Every structure is written in C-alpha cells, then in structure tokens.
Amino acid sequence: MSSEKPAASVSTHVLDTATGRPAGGVAVELSVRRADGAWHAAGAAVTDADGRCGNLPALPAEVTHARLVFAVEPYLSRSQSRERRTGAAFFPEVTVAFAVAPGEHHHVPLLLSPFGYSVYRGS
C-alpha cells in the first residue's frame, strides 16, 4: 500500500457578468507555492468558447497553496470595444490564491465585469 498522497486538481471557468456569456480566450496560469514560499508555474491554458479551462495539470502532492492568474485585459478590451466603451481595462489581471487539500478537486470560477469580479469555490 502506498503512503503517497493523491494529487489535488484544479479547474476554472470565466463568466462575463456584464454580457451574461462565457468569457472565451482568457489566458490562465496555474502556479503552486513551494516550501520556500516562492510561486512556481505549474501549467497554463486558455478558456474555450464556453469559458472553461479544464485541462490544467494535477498539482504535486506536497502542494498546499495554488494560484490562478487570469490575464483579463485583452478579453475586457475586446468586450469593451463591442460595447462601445472607451478606455483601458480597469483590471489587467485577476489573481486568486487558495488553499488546496490532497486528493480534492478545486473548481474556482471567476465572475467578471469591467469594474468588478468575484470568485468562489465551486463544485
């Protein structure tokens, strides 16, 4: 019998609450905090047309903290152009750090609008 802890997993999706639609084309980076406290990239993906990013890698067994960085500025700039808004995106990126437990799945959705966002642990 192995004493190795099962890996934790992470998935996410991005919803544009201003348009009521999924936010496709958002680059997402997954990082993990190592024992030395530094963040190290573990994987990256881009949200699909349904706003989902489900192909992120499993986390190393010893990891207790993970971070998602959503590069939302390009998406918001495109979205604002469609809406005939002017100016740069207020949020160039959204960073979410969270605790993870071995063997658990962590779904962390981002609800995004031009001037606000929220995240939560989904299922």
Fill in the blank from the handout: Taking segment 16-60 and keeping only residues that are modelled with pLDDT of 95 or more, among the basic types (Lys, Arg) and farther than 16 Å from HIS105 by Cβ, one is left with ARG21, ARG33
Practice task
Check whether at least one residue in segment 34-41 is surrounded by 14 or more Cβ atoms within 10 Å (Cβ to Cβ), farther than 30 Å from GLU4 by Cα and in contact with a strand residue (DSSP E or B) (Cβ under 7 Å, 6 or more places away or on another chain), and report yes or no.
Solution key: no
Practice task
Note down all Cβ pairs under 9 Å where the first residue falls in segment 84-96 and is under 16 Å from VAL26 (Cα atoms), the second is surrounded by 13 or more Cβ atoms within 10 Å (Cβ to Cβ) and modelled with pLDDT under 70, and they're at least six residues apart or on different chains.
Solution key: ALA89/GLN80
Exercise for the section: For segment 55-69, indicate whether the set of residues that are touching a Gly at 6+ places or on another chain (Cβ under 6 Å) and under 30 Å from LYS5 (Cα atoms) is non-empty. Expected result: yes
Handout entry: SER118 being surrounded by 14 or more Cβ atoms within 10 Å (Cβ to Cβ) and of a type in the set (Ser, Thr, Tyr)
Key = no
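Restricting the search to segment 14-53, which residues are among the small types (Gly, Ala, Ser), in a strand (DSSP E or B) and under 14 Å from LEU112 (Cβ atoms)?
Passing the criteria: only ALA27.
Might you check whether a residue that is surrounded by 13 or more Cβ atoms within 10 Å (Cβ to Cβ), over 22 Å from ARG121 (Cβ atoms) and hydrophobic (A, V, I, L, M, F, W, C) occurs anywhere in segment 3-15?
Going residue by residue through segment 3-15, those that are surrounded by 13 or more Cβ atoms within 10 Å (Cβ to Cβ) are 5, 7-15.
Subset that is over 22 Å from ARG121 (Cβ atoms): none.
Within segment 3-15, none of the residues are surrounded by 13 or more Cβ atoms within 10 Å (Cβ to Cβ), over 22 Å from ARG121 (Cβ atoms) and hydrophobic (A, V, I, L, M, F, W, C).
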Practice task
Go through PRO74, PRO92 for me and flag whichever is over 30 Å from LYS5 (Cα atoms), modelled with pLDDT of 90 or more, part of a loop (DSSP other than H, G, I, E, B) and under 18 Å from the mean Cα position of the chain (by Cα).
Solution key: PRO92
Fill in the blank from the handout: Of (1) surrounded by 13 or more Cβ atoms within 10 Å (Cβ to Cβ); (2) modelled with pLDDT of 95 or more; (3) of a type outside the set (Asp, Glu), VAL63 satisfies every one except (2)
Handout entry: Single match in ALA42, ALA7, ALA27, ALA49 (criterion: small (Gly, Ala, Ser), out of contact with any Asp or Glu (no Cβ under 8 Å at 6 or more places or on another chain), free of Cβ contacts under 8 Å to residues at least 60 places away in the same chain and over 11 Å from LEU68 (Cα atoms))
Key = ALA49
Completion exercise
When restricted to LEU68, LEU56, the only residue under 17 Å from the mean Cα position of the chain (by Cα), of a type outside the set (D, E, K, R), surrounded by 13 or more Cβ atoms within 10 Å (Cβ to Cβ) and not in a strand (DSSP E or B) is LEU56
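The values are calculated or read from the model by the stated rules, or taken from the named source; none is laboratory data. Quantities reported herein were computed from a predicted structural model and do not represent experimental measurements. Note: ideal-geometry Cβ built from the backbone for every residue, glycine included; neighbour counts use all protein chains shown.
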